[in-house]
Amino acid sequence: MAEQSGSQKPGIVIVGAMGRMGQMLCKTVMENDNARLAGAVERSGNAAIGQDIGTAMGGAAIGVTVTDDAAAAFAAADAVIDFTAPQATIAFSQLAAEAGIVHVIGTTGMSDDEIAQLSPAAAKTPIVRAGNMSLGVNLLVQLTKKVAAALDEDFDIEIIESHHHHKVDAPSGTALMLGEAAAEGRGVALDAVSDRARDGITGARKRGHIGFHAVRGGDIVGEHDVLFAAQGERIVLRHLATDRAIFARGAIKAALWGQGKAAGAYDMLDVLGL
């Protein structure tokens, strides 16, 4: 971990720095008064390797060179923010643990087995992992749990999520967070009641199941509805994201919150005190 002076801002490394989310993260860290961009990591062979991240993103140089040496970048930092892919995230978790820095994970589409592979790293360093880093979504998760606990199975629960056409996983990590919250509110395991595919003659909806629907199109940043539908009435909890920067700001908040925390697995509810 980087040596900290009294006035030194925590240094944050962005992995996948040239992707859409990576560039947003770099830009948002650079604009943050409480953090500094300490490194930008990309896969070997990326055209930006060796360039200043500022110029690679089309702006002025800032003195941070894009590298494919994640271990060296982590050694000179205090945290890494990671919105990459499951296997890359597992590898980065091991490097972050070796460097003793906070690992903030916004990667989605991770299986239970892949999440379990983060445990050895979490035993050595703080890991903050969440399917969504925004304050609004994490409040929605809490509301979903409370409403599900208050209503019985006369209310069917359906989760509808919409994202841009580049998104590769479905349901979204946020939709699964909401499903887990609804299931927890009802005191059931999501795996036992999840309904993710309806096509053809499926028969009547099963009482107590939680349905998922994924919409992909255009440049939709992220929209999530939790529908509670009963005879004669419906309750809809909704969150609309119009700017990807909300996720970046939440991730930076998590990286700063993690400074000085004990090793372990945390989520945004911990960061936000919810």
Practice task
Indicate the gyration tensor shape class of the chain (rounded, prolate or oblate), computed on the Cα atoms with a ≥ b ≥ c the square roots of the eigenvalues: a/c under 1.5 is rounded; otherwise a/b larger than b/c is prolate and the rest oblate.
Solution key: prolate
Completion exercise
For HIS103, the net charge from surrounding residues (Cβ-Cβ under 12 Å; K, R +1; D, E -1) works out to 0
Completion exercise
Order by accessible surface, 1.4 Å probe, largest leading, for residues MET21, MET57 comes to MET57, MET21
Exercise for the section: Go ahead and set up a Gaussian network model of the chain, Cα springs under 10 Å, then flag whichever of LEU143, LEU256, LEU151 fluctuates most. Expected result: LEU151
Practice task
Please state the charge dipole magnitude for the range 193-274, taken about the Cα centre, from unit charges on C-beta atoms (+1 on K and R, -1 on D and E), reported in debye and rounded to the nearest 20.
Solution key: 160 debye
Exercise for the section: In whole angstrom, note down how far apart the Cα centers of the range 50-126 and the range 187-247 are. Expected result: 31 Å
Completion exercise
Given unit charges at Cβ for Lys, Arg (+) and Asp, Glu (-), the dipole magnitude of the range 195-238 about its Cα centre in debye, nearest 20, is 240 debye
Handout entry: Peptides ranked, highest mean first, by Cβ atoms within 10 Å: ranges 186-194, 158-166, 123-131
Key = 123-131, 158-166, 186-194
Exercise for the section: Roll a 1.4 Å probe over the protein chains and send me the accessible area per residue for the range 205-271 in Å². Expected result: 52 Å²
Completion exercise
Note on the chain: contact order normalised by length, alpha-carbon pairs under 8 Å, 6 or more apart, percent, works out to 19 percent
Exercise for the section: Set the Förster distance to 35 Å, then compute FRET efficiency between ALA189 and ARG43 from the Cβ-Cβ distance, nearest 0.05. Expected result: 0.45
Fill in the blank from the handout: Surpassing 29 Å at the alpha-carbon level, of the pairs LYS27/LYS167; LYS124/LYS146; LYS145/LYS167; LYS27/LYS146; LYS124/LYS145; LYS9/LYS124, are LYS124/LYS146; LYS27/LYS146; LYS124/LYS145
Exercise for the section: Calculate for the chain the 222 nm mean residue ellipticity that helices alone would give, adding -39,500 (n - 2.57) per DSSP H run of length 4 or more and normalising by residue count, nearest 500 deg cm²/dmol. Expected result: -10000 deg cm²/dmol
Practice task
Excluding LEU118 itself, calculate the net charge of residues whose Cβ lies under 13 Å from the Cβ of LEU118, where each Lys or Arg counts +1 and each Asp or Glu counts -1.
Solution key: -3
Practice task
Could you work out which residue, out of ILE235, ILE90, ILE101, moves most in a Gaussian network model of the chain, that is, has the largest mean-square fluctuation with Cα springs under 10 Å?
Solution key: ILE235
Completion exercise
Once the in-chain neighbours fewer than 8 apart are removed, the aspartates and glutamates whose Cα is under 13 Å from LYS206 read GLU153, ASP154, ASP156, GLU158, ASP195
Fill in the blank from the handout: Straight-line reach check, LYS261, cutoff 15 Å on alpha carbons, 8 or more apart in-chain or any other chain, hits among aspartates and glutamates -> ASP78, ASP270
Handout entry: Lys/Arg +1, Asp/Glu -1 at C-beta; the chain dipole; positive extreme among GLN117, ALA183, VAL64
Key = VAL64
Problem - the chain: most fluctuating residue of ALA61, ALA38, ALA183 per GNM, C-alpha cutoff 10 Å - result: ALA61
Practice task
Provide the net charge surrounding ARG238, with neighbours chosen by a C-beta distance below 13 Å and charges set as Lys +1, Arg +1, Asp -1, Glu -1.
Solution key: -3
Handout entry: SER111 - accessible surface, heavy atoms, 1.4 Å probe, Å² rounded to 10
Key = 50 Å²
Problem - Dipole magnitude of the range 128-190, debye to nearest 20 (Cβ charges: Lys/Arg +1, Asp/Glu -1, about Cα centre) - result: 380 debye
Practice task
May I ask you to give the solvent-accessible area per residue for the range 1-117, in square angstrom, as obtained with a 1.4 angstrom probe?
Solution key: 44 Å²
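The values are calculated or read from the model by the stated rules, or taken from the named source; none is laboratory data. Model, not experiment: these values are computed from the prediction. As a convention, Cβ positions derive from the backbone with ideal geometry for all residues, glycine included, and neighbour counts pool all protein chains shown. With ligands, DNA and RNA removed, areas are computed over all heavy atoms of the protein, side chains included. Shrake-Rupley method; radii C 1.70, N 1.55, O 1.52, S 1.80 Å.
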